[in-house]
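Chemist: Sending over a structure as structure tokens; questions will come in a sec.
The values are calculated or read from the model by the stated rules, or taken from the named source; none is laboratory data. Every value quoted in this text rests on a predicted model; they were computed, and no experiment measured them. Reconstructed Cβ throughout: ideal geometry from the backbone, glycine too, with neighbour counts over all protein chains shown.
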Amino acid sequence: MEQRALGRTGYDMSVLFIGGTGTISAACVRGAVAAGHRVTALNRGQSALRPLPGDVESVQADVRMDGAVARVLAGRTFDVVCDFLSFTPDHLRRHIDAVKGRTGQYVFISSASAYQKPVAHLPITESTPLINPFWQYSREKIACEDLLVGLVRSEGFPATIVRPSHTYDGGMTLTTGGWTDIDRMRRGASVIVHGDGTSLWTVTHASDFAGWFVPLLGDRRAIGDTFHITGDEVLTWDAIYTELAHAAGVDQPKLVHVASEAIARALPNVGDGLLGDKAHSVVFDNTKVRSIATGYAQRVPFWRGAREILAFHDTHPGLQVVDRMADRAFDLLAADA
């Protein structure tokens, strides 16, 4: 299939999103529609939080069922396929098999958490090694990338790999405790911050991610290559918690610093992601994606993003879920600090 550069006057591409209603993919769907592309979203059709725009074709299937994707896409072709729902090589093989030979570009969403931890040097570039001994999620993404790179080299498969870092929208609270942290802030309880609160972190609003992502679609320069996409703003974790507190109406949050290893022991469900990602300082060199998405600059600083998060949660009570087990664990960690 002929691959044509995004942005050519009068040309609109057919773009399939495997996913399309998640934190990142929903913003990218909106961005692709705004760019004039004909967008199809393939998912289970069960998300009410981030509904699809009215002019997006919705195709419903359970992507985890054998043959389901292949059946609903039988005979169809797309200029670009964007895969947001492959988390293991088995997922990825199914999705590739369903569209192989019928797309000009296959964009796989990996993760910046796949980069070496701890990082040997900063800033992180796309050539930083992919080594994460702490988090299985990251190792599965690395394995997916290995599969794709093998197909590019052996068959010329038109893959593009994209690595998001910590990307959010109004529906995500970002911190270890999620809404439990916001609830604790508002009632004056201590809030646990990993480490000493000074490690560096990058958070990216989903709309900014989409602003850099959409120009990669259909651009020949992106075929066979890898890009990470992050905002340019670098914050400490204390600053992130403090901005969220201010957005929640709390002037002076009670931040208590606890070793990441202790938090991981107390809350095993978040431990791997903490030790394998958030506990490490990360700063990214975004030169590579900016060389293609030349007309876009970050628009949402975190102080604005934090206010969006709180406004969205305050108008969606169903998202205000306090994890009582985590709440008790935070009390014990604060008492021991």
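Chemist: Any residue in the stretch 325-337 that's on the phi < 0 side of the Ramachandran plot and in contact (Cβ under 8 Å) with a residue 24 or more places away in the chain: show its pairings with residues that are surrounded by fewer than 18 Cβ atoms within 10 Å (Cβ to Cβ) and of a type outside the set (G, A, S) at Cβ separation under 6 Å, as long as the two are six or more apart or on different chains.
Modeler: Cβ pairs passing all conditions: A334/V256; A337/V256.
Chemist: Please verify whether the stretch 160-169 includes one or more residues that are over 14 Å from the mean Cα position of the chain (by Cα), among the charged types (D, E, K, R), farther than 30 Å from G249 by Cβ and outside any loop (DSSP other than H, G, I, E, B).
Modeler: no
Chemist: Here is a further query. Does the stretch 136-156 include one or more residues that are part of a loop (DSSP other than H, G, I, E, B) and within 21 Å of the chain's Cα centre (by Cα)?
Modeler: No, because not a single residue in the stretch 136-156 is part of a loop (DSSP other than H, G, I, E, B) and within 21 Å of the chain's Cα centre (by Cα).
Chemist: Taking G276, is it surrounded by fewer than 21 Cβ atoms within 10 Å (Cβ to Cβ), outside the structural domain of W212 (by TED's automatic domain parsing) and either in a loop (DSSP other than H, G, I, E, B) or within 22 Å of the chain's Cα centre (by Cα) (or both)?
Modeler: Considered against the rule, which asks whether it is surrounded by fewer than 21 Cβ atoms within 10 Å (Cβ to Cβ), outside the structural domain of W212 (by TED's automatic domain parsing) and either in a loop (DSSP other than H, G, I, E, B) or within 22 Å of the chain's Cα centre (by Cα) (or both), G276 comes out as no.
Chemist: Just the residues that are hydroxyl-bearing (S, T, Y), in a loop (DSSP other than H, G, I, E, B) and crowded, with 21+ Cβ neighbours inside 10 Å, please, taken from the stretch 176-209.
Modeler: Hits for the stretch 176-209 are T176, T202.
Chemist: Now, a different point. On the basis of being within 22 Å of P118 (Cβ to Cβ) and in contact with a helix residue (DSSP H, G or I) (Cβ under 7 Å, 6 or more places away or on another chain), does A247 make the cut?
Modeler: no
Chemist: Is it the case, given these coordinates, that V289 is surrounded by 11 or more Cβ atoms within 10 Å (Cβ to Cβ), touching a residue at least 40 places away in the same chain (Cβ under 8 Å) and touching a strand residue (DSSP E or B) at 6+ places or on another chain (Cβ under 8 Å)?
Modeler: yes
Chemist: How do the helices (runs of 4 or more DSSP H) wholly within the stretch 1-112 filter down when requiring 3 or more residues that are under 20 Å from the mean Cα position of the chain (by Cα): which remain?
Modeler: By residue number, 23-34, 89-99.
Chemist: Might you check whether a residue that is modelled with pLDDT of 95 or more and under 30 Å from S199 (Cα atoms) occurs anywhere in the stretch 60-80?
Modeler: no
This table checks each residue for (1) touching a Leu at 6+ places or on another chain (Cβ under 6 Å); (2) acidic (D, E); (3) closer than 23 Å to Q116 by Cα.
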| site | (1), (2), (3) |
| --- | --- |
| T242 | no, no, no |
| H257 | no, no, no |
| N269 | no, no, yes |
| D277 | no, yes, yes |
| A297 | no, no, no |
| W303 | no, no, no |
| E308 | no, yes, no |
| R324 | no, no, no |
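Chemist: Still on this structure: Out of A247, A222, which single residue is under 23 Å from the mean Cα position of the chain (by Cα), assigned by TED's automatic domain parsing to the domain that holds R163 and buried (at least 21 other Cβ atoms within 10 Å of the Cβ)?
Modeler: A222
Chemist: Being in contact (Cβ under 8 Å) with a residue 40 or more places away in the chain and under 29 Å from A34 (Cβ atoms): is that true of G218 here?
Modeler: It is true that G218 is in contact (Cβ under 8 Å) with a residue 40 or more places away in the chain and under 29 Å from A34 (Cβ atoms).
Chemist: So, of the residues in the stretch 183-219 that are small (G, A, S) and over 26 Å from R50 (Cα atoms), which turns out to be nearest to the chain's Cα centre (by Cα)?
Modeler: Result: S199.
Chemist: Are there any pairs with C-beta distances below 7 angstrom linking a residue in the stretch 118-144 that is over 18 Å from K278 (Cβ atoms) to a residue that is among the small types (G, A, S) and assigned to a loop (DSSP other than H, G, I, E, B), with the two at least 6 apart or on different chains, and if so which?
Modeler: From the stretch 118-144, the pairs are C144/S86; C144/S110.
Chemist: Do we find that D238 is touching a residue at least 40 places away in the same chain (Cβ under 8 Å), assigned to a helix (DSSP H, G or I) and either in the same structural domain as Q320 (by TED's automatic domain parsing) or farther than 22 Å from V80 by Cα (or both) in this structure?
Modeler: Yes; evaluated as a whole, the condition is true for this residue.
Chemist: Any idea how many residues of the stretch 7-43 are of a type in the set (K, R) and at pLDDT 95 or above?
Modeler: So the count comes out to 2.
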